[in-house]
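Below is one structure, written out as C-alpha cells; the observations come after it.
Read-outs throughout are calculated quantities, based only on the coordinates presented, and are distinct from any laboratory measurement. Keep in mind that this is a model prediction, so the values were computed, not measured. Positions of Cβ are backbone-derived with ideal geometry, glycine not excepted, and every protein chain shown enters the neighbour counts.
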Amino acid sequence: MRSKILFLFFLMIANSAMANVTLPSFFSDGMVLQRNSDVKLWGWGNPKEPIIITTSWNKQEYSTVADSNANWSVIIPTAKEGGPYTISIKGYNELVLKNVSLGEVWLCSGQSNMEMNANWGILNGEEEARKATHPNIHFFAVAKASSDNPQNNLAGNWEVCSPETMKRNSAVAYFFANRITEELKNVPVGLIISAWGATSAEVWMPKEVFQNNAELVQAANKINPNEYCPVGHSKTFNTMIHPLVGYTIAGVLWYQGESNVGSTIYDKTFSALIRSWRSLWATEFPFYFVQLAPYQNGGTDFSSVIIRDLQRRTLQLPNTAMVVTSDISTTDDIHPKDKKSVGVRLASLALANIYKTNTNAVNGPLFKAFTIKKSKIIVFFDYAEGLYFASKKSTQFEIAGDDAVFYPAKAKIVNNTVEVQSDKVAHPKNVRFAWKNEAQSDLFNQARLPASSFISE
C-alpha cells in the first residue's frame, strides 16, 4: 500500500511538472517589446493546456491552447512607447513578467567588432561608462553556443543599462541606442546582442541557404578552422539566432567580415544571409551594417579591400545601408577603438530612414556609374552633394585600359562628379578608388562622410 501511495505521489509531481507553462529566456523580466506592433509571444505547456495572456498596458486578455507538441503562441498588439508593464501568462500555473517596456528592438550581430565592449579598451571607454546610466536602454546578451541542429531556446537575460552593464555589452550597440534615446526622448530601446568574435558569415546562416548552392558551399569549405569559434555551416545560427526568430524587431545591426577576407563572393554570401533572415521573420526589416576599416594586414594582395567593395555591392538589396569607417580608424588595428562614432553613424541611418527625425545627409559618397569621354573617365556617385578632397587633390584614383593594368590617375571634381585621367592610359576602360587594404578615403561629401572604396570591373 505504501509503495502505491508513493507511486501516485511521484506521478502527481511528474504530471504537475509537465503541465507548467514555460517561456524562452528572452520573454522575461525587463524585456523590451516592439511598440505599436502585433508581436508574437510563445512557449511550452501541456498538450491541450489553455493559456491566457493578460497585458497591463491595455488590460486585455488573449487566449490560446498548447498543441499536441506542447507548443503554444499568441499574437498580441502593443501600444505606444512606455512602461514598466506586466504580462501575465496563465495555464495550469501562472508566470508574471515584470518591468516590461514597449519601445524599439534591434538585433545586433556579427563578430568581434560588434562584440567589443568598453572593457576591451575602446576610445574613452571609462569616461563613457561613468555616464552610462540609462534606464531606457536594455541589453539582452546571447550566450555563446553552437550546434549542428536548430535549437528552440538560448541562454541570456535582460539587463538595464548602467555603468557596469554597459562595460560588458557591445559598445557599438550601446552608442547606437544612446543616440536613438537622445533623439526619441522617452522611447525605450532593447538591444539583443548575438555576436561571436572571429566567426564567418556562413555560421550565421540557416542550412537551407546552402542547399543546391554549390558556390556558397565551396566558399564556406575554404574557411580555415579557428580555435576561438566554430567553423561550418549554420553552427551559431542554430543556437544564437534561430531561437529568436519571430521576436518582433525594428531592424538588424551587423558588423562582420574580417573572417571572410579572402572570399571573392562575399556579396553573394552576405546577401544570402540578409535574405534568409528576412524570410524567416517574414518582413523586410532594415539591415544596417558596418564596412570593414582599412587595415594593413602585412600582405600585398587586395583581400581586405575586395571585402569592402563586396560589402558595398550588397547595398543593391532594398532597405540596407552601410557605415564607412575609413576616417575614424587606424590602419594598424583590426579592432578600431572609436566605437562611438560607429554607433552614432548607425543611429543616424535609423533616425533618417525609419524614425524620420534626422534630415541631414547620413551616407558617404557611393560609386554609382561612370562614362568614358575620350581619354577621361567621369565617375558619378550617389550622395555626391558637396564633393571635396581631404587634401585638395586625390591620390587614390586609378584607371586601366584593355590590358587591365591600373595606373595612378589625376582626379578633378566637376559638378559633383570626379573626372579621372592618366597619361599612361589613352583609352580607359575601368576605374578604381582607394584600392589598397590600408587605404583611408580622401574623398568626402558635404556631410563630411568618406567615400567607399570601389572598382568598376
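Summary of computed values
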quantity: Potential lengthening between residue 123 and residue 448 on full extension [0.36 nm per residue; Cα-Cα distance subtracted]; calculated: 114.9 nm
quantity: Taking only Cα atoms of segment 366-455, radius of gyration then Dmax in Å; calculated: 12.1, 37
quantity: In segment 358-457, lysine pairs closer than 16 Å at Cα, eight or more apart or cross-chain; calculated: 19
quantity: Packing-based order for 400-409, 84-93, 99-108, 432-441, using average beta carbon neighbours within 10 Å, highest first; calculated: 99-108, 432-441, 84-93, 400-409
quantity: Distance histogram for the chain (every C-alpha pair counted, 10 angstrom bins, percent rounded to whole numbers); calculated: 4, 19, 27, 23, 14, 7, 3, 1, 1, 0, 0
quantity: C-alpha long axis of helix 2-19 to longest principal axis of the chain, angle in °; calculated: 40 degrees
quantity: Modelled FRET efficiency - R0 22 Å, residue 131 with residue 228, Cβ distances, 0.05 increments; calculated: 0.10
quantity: Qualifying trypsin sites (Lys or Arg not before Pro) in segment 177-263, DSSP loop, other Cβ atoms within 10 Å at most 16; calculated: 185, 222
quantity: Hits among lysines - C-alpha to C-alpha of residue 80 under 28 Å, sequence gap 8 or more where chains match; calculated: 40, 59, 90, 98, 131, 185, 356
quantity: FRET efficiency for residue 438 and residue 353, using Cβ-Cβ distance with R0 set to 41 Å, rounded to 0.05; calculated: 0.85
quantity: Prolate/oblate/rounded call for segment 324-376, Cα gyration tensor, a/c under 1.5 rounded; calculated: oblate
quantity: Extension gain from residue 388 to residue 65, taking 0.36 nm per residue of separation minus the Cα-Cα distance; calculated: 110.0 nm
quantity: GluC sites (Glu not before Pro) restricted to segment 165-270 and DSSP loop, no more than 16 other C-beta within 10 Å; calculated: 227
quantity: Overall form of segment 214-331 per C-alpha gyration tensor (a/c, 1.5; a/b vs b/c); calculated: oblate
quantity: Chain lengthening between residue 407 and residue 215 when straightened (0.36 nm per residue, less Cα-Cα); calculated: 65.9 nm
quantity: Beta bridges per DSSP with both ends in the chain, % antiparallel, nearest 5; calculated: 65 percent
quantity: Over the chain: helical MRE at 222 nm, DSSP H runs n ≥ 4 each giving -39500 (n - 2.57), nearest 500; calculated: -6500 deg cm²/dmol
quantity: Diffusion coefficient, µm² s⁻¹, Stokes-Einstein with Kirkwood Rh over alpha-carbon pairs of segment 103-353 at 37 °C and 0.692 mPa s; calculated: 181 µm²/s
quantity: Nearest-0.05 FRET efficiency for residue 334 and residue 58, computed from C-beta distance (R0 56 Å); calculated: 0.70
quantity: Acute angle (nearest 10 degrees) that the helix 339-353 long axis makes with the longest principal axis of the chain, alpha-carbon atoms; calculated: 80 degrees
quantity: In segment 95-133, the trypsin sites (Lys or Arg not before Pro) that fall in loop regions by DSSP, at most 15 other Cβ within 10 Å; calculated: 131
